[in-house]
Amino acid sequence: MTKKENRIKPLRIKKNDTVKIIAGNDKGYVGKVLKVFPRKASLIVEGANFIHRHQRPTSGGAQGTIVKREAPIHVSKVLLICPKCNYPTRIGQVVLESGSKLRVCKKCHEMVDA
Ligand SMILES: [Zn+2]
């Protein structure tokens, strides 16, 4: 294992967030986050970044098929869409007196987590 994997940063983007893709083939696409991979700092956006998986024919006689699947996108390539102001935004963090952390929109300064 490399040193890199010892320092996993918690991601600012979570499952079910709406994000906008800002780089790559699907630039401009807006979709829902289906899955996050904190170790890889990447996530899967619904309907974006499709890859074609070529499936070999099985011995059972089934034909080989090409399956379309969403591939993970690096977090740096997406921006969270703020549910309050509807703009793609960066996310800040506030720590409450209770010690819990909340995400805030850098644009409208509203809490992203209701
Ligand atoms: Zn906002």
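Over the chain, what number does the Rg to Rh ratio reach, with both radii from the alpha-carbon atoms and Rh per Kirkwood?
Result: Rg/Rh = 1.11.
Along the charge dipole of the stretch 1-113, pointing to its positive end and built from +1/-1 on Cβ of Lys, Arg, Asp and Glu, which listed residue (Asn49, Cys108, Thr18) has its Cα farthest out?
Asn49
Using a Cα-Cα cut-off of under 19 Å, which aspartates and glutamates could be cross-linked to Lys27, ignoring same-chain neighbours fewer than 8 residues away?
Result set, ordered by chain and number: Asp17, Glu46, Glu70.
So if I place +1 on the C-beta of Lys and Arg and -1 on the C-beta of Asp and Glu, and nothing else carries charge, what would the dipole magnitude of the stretch 74-114 be about its Cα centre? I want it in debye, nearest 20.
220 debye
Could you work out what % of the accessible surface of the chain is carbon and sulfur, using a 1.4 angstrom probe and leaving DNA, RNA and ligands out of the count?
Details: 4290 of 8450 Å².
That share works out to 51 percent.
Return the single residue from Ser42, Ser100, Ser76 with maximal mean-square fluctuation; model: Gaussian network over the chain, springs between Cα atoms under 10 Å.
Fluctuation is largest for Ser100.
Using a 1.4 angstrom probe, figure out how much accessible area the stretch 45-111 has per residue, in square angstrom, rounded to the nearest whole.
Value for the stretch 45-111: 72 Å² per residue.
Keeping every protein chain in place, order Ile44, Ile51 by accessible area at 1.4 Å, biggest value first, i.e. largest first.
Ile51, Ile44
Would you tell me the accessible area of Ile66, worked out with a 1.4 angstrom probe on the heavy atoms of the protein chains, in Å² to the nearest 10?
My reading of the accessible area for Ile66 is about 110 Å².
Set the bar at 19 Å for Cα to Cα. Now go through Lys20/Lys101; Lys15/Lys68; Lys35/Lys77; Lys15/Lys107; Lys9/Lys77 and name every pair that lies beyond it.
Details: Lys20/Lys101 23 Å; Lys15/Lys68 21 Å; Lys35/Lys77 15 Å; Lys15/Lys107 21 Å; Lys9/Lys77 16 Å.
Pairs exceeding the cut-off: Lys20/Lys101; Lys15/Lys68; Lys15/Lys107.
Only sites in a loop by DSSP and with at most 16 other Cβ atoms within 10 Å count here; which trypsin sites (Lys or Arg not before Pro) in the stretch 9-78 make the cut?
For trypsin sites (Lys or Arg not before Pro) across the stretch 9-78 that sit outside H, G, I, E and B with at most 16 neighbouring Cβ atoms in 10 Å, the list reads Arg12, Lys14, Lys15, Lys27, Arg39, Lys40.
For the chain, with a Gaussian network of springs between Cα atoms less than 10 Å apart, report the residue from Glu97, Glu46, Glu70 with the top mean-square fluctuation.
Glu97
Compute a Gaussian network model of the chain, connecting alpha carbons closer than 10 Å, and tell me which residue from Val94, Val45, Val36 fluctuates the most.
Checking each option, the largest mean-square fluctuation is seen for Val94.
The values are calculated or read from the model by the stated rules, or taken from the named source; none is laboratory data. None of these values were measured; they are calculated from a predicted model. Quick reminder, even Gly has a Cβ in these numbers, built from the backbone with ideal geometry, and neighbours come from all protein chains shown. Calculation scope for accessible area: heavy atoms of the full protein, side chains included, ligands and nucleic acids excluded. Shrake-Rupley method; radii C 1.70, N 1.55, O 1.52, S 1.80 Å.
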